[in-house]
Amino acid sequence: MKTWLLGFTILCLAGCATTVPVKHRGTVKLKRPTTVNLSDTPRVKGALNAQYAEWKGTRYKMGGNSKNGVDCSGFVHLTYRDKLGITIPRSTKLLGKAGQPVKRNNLRIGDLVFFKTGLMVRHVGIYMGNNTFLHASTNKGVTITDLDESYWKKRYWKARRMEK
């Protein structure tokens, strides 16, 4: 009995180690954007508008990373990855150290804008031009907001440019 069980076990394990050829019908392509040059303002603006159209109103969820709920840094990270083809850090803290500093009067579409919203709390969004930014707001979800809205104007902190 033990010999039969041992033989059966070896046969099963050997079966797990074999490869069976799989026939594919056509090539499987992953949908990944080509990297967008961040100085190509019309392409960046178009990509950001497309992201907004897809995510508009998606609720805020701390630590969220999907259309079931997303936080500010998750939304920025996903937008850069999916629409611009650029991998950037996931956390606001690391994003605040990435790229190059930019003065507010030199903002370009696609730059990251940062806010101090609490003693140790930071918020990040993506500059859209015309003094607006795209972000995941805690009370409006994914939205576009004017930088001069009183709440955001008082809390503006800095901006960073993510260049490859």
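In the set (1) outside any helix (DSSP H, G or I); (2) among the polar types (S, T, N, Q); (3) touching a residue at least 40 places away in the same chain (Cβ under 8 Å), the condition left unmet by THR145 is number (3).
I'd like to know if segment 39-58 contains one or more residues that are in a loop (DSSP other than H, G, I, E, B), closer than 23 Å to ASN130 by Cβ and either at pLDDT below 95 or of a type in the set (A, V, I, L, M) (or both). For segment 39-58, residues in a loop (DSSP other than H, G, I, E, B), closer than 23 Å to ASN130 by Cβ and either at pLDDT below 95 or of a type in the set (A, V, I, L, M) (or both): present. Scanning segment 97-125 for residues that are farther than 19 Å from ARG43 by Cα and surrounded by 19 or more Cβ atoms within 10 Å (Cβ to Cβ), we see that the one that is nearest to the chain's Cα centre (by Cα) is VAL124. When residues in segment 129-164 are screened for being among the hydrophobic types (A, V, I, L, M, F, W, C) and within 18 Å of THR58 (Cα to Cα), 5 of them pass. Residue-level check: of (1) surrounded by fewer than 23 Cβ atoms within 10 Å (Cβ to Cβ); (2) in contact with a Leu (Cβ under 6 Å, 6 or more places away or on another chain), GLY129 misses just (2).
Just the residues that are crowded, with 18+ Cβ neighbours inside 10 Å and in contact with an Asp or Glu (Cβ under 8 Å, 6 or more places away or on another chain), please, taken from segment 44-67. Hits for segment 44-67 are GLN51, TYR60. Sub-6 Å Cβ pairs linking a first residue in segment 92-109 that is part of a helix (DSSP H, G or I) to a second residue that is among the charged types (D, E, K, R), at least 6 apart or interchain, are THR92/ARG122, ordered by first then second residue. Which one is nearest to ASN49 (Cα to Cα), of the residues in segment 110-127 that are among the β-branched types (Val, Ile, Thr) and in a loop (DSSP other than H, G, I, E, B)? Here the answer is THR117.
The values are calculated or read from the model by the stated rules, or taken from the named source; none is laboratory data. Being a predicted model, the structure only gives us computed values, none of them experimental. As a convention, Cβ positions derive from the backbone with ideal geometry for all residues, glycine included, and neighbour counts pool all protein chains shown.
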